[in-house]
1. Which residue, Gly118, Leu162, Ile103, has the largest displacement toward the positive end of the dipole of the range 92-189 when charges sit on each Cβ (Lys, Arg +1; Asp, Glu -1)?
2. Per-residue ellipticity at 222 nm for the chain, helices alone: DSSP H runs ≥ 4 residues times -39500 (n - 2.57), over residue total, nearest 500 deg cm²/dmol?
3. So how do Val14, Val97 rank on accessible area, 1.4 Å probe, biggest first, that is with the largest at the start?
4. Only sites in a loop by DSSP and with at most 10 other Cβ atoms within 10 Å count here; which trypsin sites (Lys or Arg not before Pro) in the range 87-186 make the cut?
5. Enumerate the helices in the chain for which the Kyte-Doolittle hydropathy averages -0.5 or more and the C-alpha atoms extend at least 24 Å along the helix's axis, using complete DSSP H runs.
6. Longest exposed-loop-site-free stretch of the chain, with chymotrypsin sites (Phe, Trp or Tyr not before Pro), DSSP loop and at most 12 other Cβ within 10 Å?
7. With the crude spin-label approximation of a point 7 Å out along Cα→Cβ, what separation in nm comes out for Glu158 versus Leu192?
8. Using a 1.4 angstrom probe on heavy atoms only, work out the carbon and sulfur share of the accessible area of the chain in %.
Amino acid sequence: CRAINDQRLEGVEVSAVLNAMNPQEQDRLKREFPNEEDIFYCKRPDCCYVKRRLQPTRSFGDFDLKYPEFNNPEGFGSEYQVGRVIPNYSGGYINPVPDFTSIELSGEDRYLILATDGLWDELTPQEAADIVNKAQGDVKAAAETLRVTTLETAAKNEKMTLEEIKDIRIDGKGPKKRRNIHDDITVIVIDLKNLGPN
């Protein structure tokens, strides 16, 4: 978040979104896997998946999309989260290689928001900056407000209340799956003006 004046912050996006909705990532996947028409699939314009399974194109886990030996070699069932075999496997389709962005901080840069796509799926950088600004330097309160606002936005989009979303079991057992309503949300807010000597 960059300060515009004492009253307002500007939300500035400083990293690329590395998922199957990113046109550059779609082009990269098509170049690397030219014979696979289903290398990415878009259920909606804002909802695309690598091999119909995963939105991120970079990941630490998800070995079944990286290595053929994890493409359900033993025929394990869904209780092991590996029940979906990719026919004619030619991956790795995703990789753990991070995308580094380096920016030079200016005197106007005030906060850094590190968050998973669960937050950014629901809030714009400017909405997040406005929330952080209202916290008046309390980064813990800012992070919690961002988390709750994200859940409230997801609830509103589903015509539900926040309490109704919280009542849905995370394990997927029940009439609704929470994962279909919102993604996981992890958020850290860093005050760039009060980092301290270390």
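The values are calculated or read from the model by the stated rules, or taken from the named source; none is laboratory data. Being a predicted model, the structure only gives us computed values, none of them experimental. When we count neighbours, we look across all protein chains shown, and the Cβ atoms used for this are built from the backbone with ideal geometry, even at glycine. Side chains are part of the model used for accessible areas, which takes the heavy atoms of the whole protein and leaves out ligands, DNA and RNA. Shrake-Rupley method; radii C 1.70, N 1.55, O 1.52, S 1.80 Å.
1. With unit charges placed on the Cβ atoms, the residue in question is Leu162.
2. -7000 deg cm²/dmol
3. Most to least solvent-accessible, the answer reads Val97, Val14.
4. Of the trypsin sites (Lys or Arg not before Pro), the ones in loops of the range 87-186 whose Cβ has at most 10 other Cβ atoms within 10 Å are Lys159, Lys173.
5. 139-157
6. 101-198
7. 3.5
8. The nonpolar share, carbon plus sulfur, comes to 50 percent.
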